[in-house]
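Visitor: This is the structure I have questions about; it appears just below.
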Amino acid sequence: GAKNSHSDADIRAVLMPFTQMAAKYHVAVLGIAHLNKAAGQHSAVNAVSGSLGMVATARVTYMTLNIDGVMHMAKVKANVAAPEDGYGLTYRLKTEWVSDGKGGEVKTSAAEWIGTFTETADELRDEMAQASRKPALSKAKSFLKDRLLNGPKPSADIKTEAENEGLASATLKRATKELKLVHKKHGYQGAWITYTPEQYEKHEKNKRDVNDYRNRK
């Protein structure tokens, strides 16, 4: 009938007969689902397309992640295994030729099992996200160091130049934080200026020296 794939109640109602059948005949039912388009923004348990009922109804859920050509079957949840039994499986997909039963062969794919690992799906996804950010973060840090090489610069100019270089605002903020850059507004209506820690320390020292000189006069 008409069911809403994003409705938890609808999905649980559809899957309940499968649960009852599996319990009655002592069989496993394998369900395959896609990840949603915003999978990278959510935890693994919320990354499955459609209702959370898909994952909630299943006793065991794995997510397959491609890391440098090696497929990782990573555990998302497991209600029928002890916490320490948390191993995932790694494999590669390879081409195989099998008999067609008529003296010929058919080209197909096969899984070549490699080994195991202990990270959960969430842990692997975090590692993948960090790895994907490193090149951009490194580029942003090099950009900032280069722009401030000859002295402080207006923050607005740096932001505009960063956009022209294709650097995301969030990446620029992370690079700024890691380099411990200082943003300082000059005067009530003055511009914001970006300094390296050494430049700002020198700026403050010069300001103190000027004030001391004025006080002595």
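Visitor: Say whether the condition of being crowded, with 20+ Cβ neighbours inside 10 Å, within 24 Å of Ala22 (Cβ to Cβ) and under 18 Å from the mean Cα position of the chain (by Cα) is met by at least one residue in the stretch 52-65.
Guide: Yes, there is a match, as at least one residue in the stretch 52-65 is crowded, with 20+ Cβ neighbours inside 10 Å, within 24 Å of Ala22 (Cβ to Cβ) and under 18 Å from the mean Cα position of the chain (by Cα).
Visitor: Quick check on the stretch 150-171: of everything there that is among the aliphatic types (A, V, I, L, M) and at pLDDT 90 or above, which residue is farthest from Gln130 (Cα to Cα)? Before the answer, list the steps.
Guide: Going residue by residue through the stretch 150-171, those that are among the aliphatic types (A, V, I, L, M) are 156, 158, 162, 167-168, 170.
Now restrict to residues that are at pLDDT 90 or above: 156, 158, 162.
Values: Ala156: 28, Ile158: 25, Ala162: 21 Å.
The qualifying residue farthest from Gln130 (Cα to Cα) is Ala156.
Visitor: Are any residues in the stretch 1-43 modelled with pLDDT of 85 or more, under 21 Å from the mean Cα position of the chain (by Cα) and open to solvent by less than 70 Å² (accessible area, probe 1.4 Å), and if so, which ones?
Guide: Selection gives Ala33 alone.
Visitor: Mind checking which pairs have a first residue in the stretch 169-196 that is at positive phi and a second that is loosely packed, with under 15 Cβ neighbours inside 10 Å, Cβ under 8 Å, 6 or more apart or different chains?
Guide: Lys180/Pro197
Visitor: Additional query: Evaluate the following for Asp122: is it open to solvent by 60 Å² or more (accessible area, probe 1.4 Å) and either farther than 19 Å from Thr64 by Cβ or touching an Asp or Glu at 6+ places or on another chain (Cβ under 6 Å) (or both)?
Guide: Working: open to solvent by 60 Å² or more (accessible area, probe 1.4 Å): yes; either farther than 19 Å from Thr64 by Cβ or touching an Asp or Glu at 6+ places or on another chain (Cβ under 6 Å) (or both): no.
Against the criterion (open to solvent by 60 Å² or more (accessible area, probe 1.4 Å) and either farther than 19 Å from Thr64 by Cβ or touching an Asp or Glu at 6+ places or on another chain (Cβ under 6 Å) (or both)), Asp122 does not qualify.
Visitor: Restricting to the stretch 139-166, and then to whatever is more than 18 Å from Trp192 (Cα to Cα) and in contact with an Asp or Glu (Cβ under 9 Å, 6 or more places away or on another chain), can you tell me which residue is surrounded by the fewest Cβ atoms within 10 Å (Cβ to Cβ)?
Guide: As a first pass, look at the stretch 139-166 and keep what is more than 18 Å from Trp192 (Cα to Cα): 139-143, 146, 164-166.
Add one more test, that the residue is in contact with an Asp or Glu (Cβ under 9 Å, 6 or more places away or on another chain), and what stays is 139-141, 143.
Numbers: Lys139: 15, Ala140: 24, Lys141: 17, Phe143: 18.
Only one residue fits best here, namely Lys139.
Visitor: On the given criteria, is Leu93 open to solvent by 90 Å² or more (accessible area, probe 1.4 Å) and either more than 24 Å from Ala47 (Cβ to Cβ) or among the aliphatic types (A, V, I, L, M) (or both)? Full working, then the answer.
Guide: Working: open to solvent by 90 Å² or more (accessible area, probe 1.4 Å): yes; either more than 24 Å from Ala47 (Cβ to Cβ) or among the aliphatic types (A, V, I, L, M) (or both): yes.
Against the criterion (open to solvent by 90 Å² or more (accessible area, probe 1.4 Å) and either more than 24 Å from Ala47 (Cβ to Cβ) or among the aliphatic types (A, V, I, L, M) (or both)), Leu93 qualifies.
The values are calculated or read from the model by the stated rules, or taken from the named source; none is laboratory data. Everything numeric in this text was worked out from a predicted model, so none of it was measured. Cβ atoms come from the backbone with ideal geometry, glycine included; neighbour counts cover every protein chain shown. Side chains included, ligands, DNA and RNA excluded: accessible areas come from the protein's heavy atoms. Shrake-Rupley method; radii C 1.70, N 1.55, O 1.52, S 1.80 Å.
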